[in-house]
Amino acid sequence: MTPPNKPFRFRKDSTAGVVAPLASGGRMDDTGMFLHSVEALRLHVDRRLAELIPSPGEEPGRLGEAAHYALLAPGKRFRPLLTLLTAEAFGSPIARALDVACSMEMVHAASLVLDDLPSMDDARLRRGRPTTHRVYGEADAILASVGLLTRAFGVIAAADCLPADHRSELVMSLAEAVGFHGLVAGQALDLAERNRARTVAELDALNHRKTGVLMMAAAEAGALIGGADPAARRELGEFARRIGLAFQIRDDLIDVDGGDHVGKDIGKDAGMTTVVSALGPRAAVAAIEAHLDAADAALARAGCDGRLGVFARSLFSGRKAAA
């Protein structure tokens with residue numbers, strides 16, 4: 001395992017830390033080049049994730065295997081890429097934000113393991129593979145989740161390339177996103193009241209806690225590392241909040257419609273109130289577009305050049321589930 005206080009550096013001949021610029025007007029060739037560079041960056045996120053946790057043989061039993069299985073499962077890595085691209089947008093070298101970005105993915109992976117448990121959503125499939133508890137058992141799945149969650153905070157605390165006050169603020173922000181006002185509260189509320197009819201406003205509040213809070217933490221972390229002023233950081237948070245709401249509605253649509261290569265269980269929302277069941281599929285699609293438009297407007301107010309918006313919108317093409 002790479003020592004946690006050893007900063008990550010791209011090789012001198014690597015272009016993975018250089019995000020291709022998007023020319024004014026966003027021509028298709030420019031957009032394709034940009035997204036290709038983002039894909040290369042995603043591979044470096046995966047490599048660094050593997051370096052930041054113990055190798056499977058270092059942990060007792062199958063704990064290490066379960067942690068690697070959960071963390072390194074194929075995925076979009078939206079949250080760490082959101083941190084990296086936001087930091088880059090405000091002038092930070094991407095490598096400087098990489099470990100913090102990876103901590104966001106650790107938290108996300110841990111939350112998925114817990115959400116999938118039989119006592120929660122009782123899921124059989126996640127990211128195109130059997131859920132962690134179905135492969136390694138509930139005990140190792142829970143322990144792996146706890147290990148990933150705590151490791152995320154350790155990674156931030158050990159990010160010596162960042163000032164101590166920034167590390168402290170990042171830890172506090174991530175703790176809020178995970179805890180009693182964030183992911184944990186969202187899952188508890190969903191479990192306790194999933195059979196109750198909800199208004200769209202109530203669904204938005206629930207979906208924000210289940211999805212948006214971690215995206216906001218990821219975007220605001222990148223903005224902090226990049227040196228954005230408080231107003232710009234708030235706008236980046238609003239951008240991420242809107243993207244989170246759009247993600248959740250899209251997941252609700254996929255749960256109804258299914259399709260090839262979804263990668264997760266479908267039909268799990270049957271009998272529950274969702275934005276799709278409340279508004280209907282056509283209005284739900286319109287709501288996604290409204291959230292994406294609002295996200296673009298927030299980016300413009302923050303002074304970003306639109307690449308984050310291009311990246312975010314690219315994730316809404318195709319039929320794969322958001323997570």
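Some notes on this structure:
- Residue in region 181-236 that is nearest to the chain's Cα centre (by Cα), counting only those that are among the hydrophobic types (A, V, I, L, M, F, W, C) and outside any helix (DSSP H, G or I): 228
- Pick from region 152-201, criterion buried (at least 17 other Cβ atoms within 10 Å of the Cβ) and among the basic types (Lys, Arg), ranking: nearest to residue 79 (Cα to Cα): 167
- Residue within region 136-158 that is over 30 Å from residue 60 (Cα atoms) and either outside any helix (DSSP H, G or I) or of a type in the set (A, V, I, L, M) (or both) present: no
- Residue list for region 92-128, restricted to those being in contact (Cβ under 8 Å) with a residue 24 or more places away in the chain, of a type in the set (Ser, Thr, Tyr) and out of contact with any Gly (no Cβ under 8 Å at 6 or more places or on another chain): 103, 111
- Members of region 69-93 that are over 25 Å from residue 316 (Cα atoms) and at pLDDT below 95: 91, 92, 93
- Some residue of region 265-276 being assigned to a helix (DSSP H, G or I) and either within 24 Å of residue 183 (Cα to Cα) or at pLDDT below 95 (or both): yes
The values are calculated or read from the model by the stated rules, or taken from the named source; none is laboratory data. Since the model is a prediction, treat every value here as computed from it, not as a measurement. Counting neighbours? That spans all protein chains shown, and the Cβs are built from the backbone with ideal geometry, glycine included.
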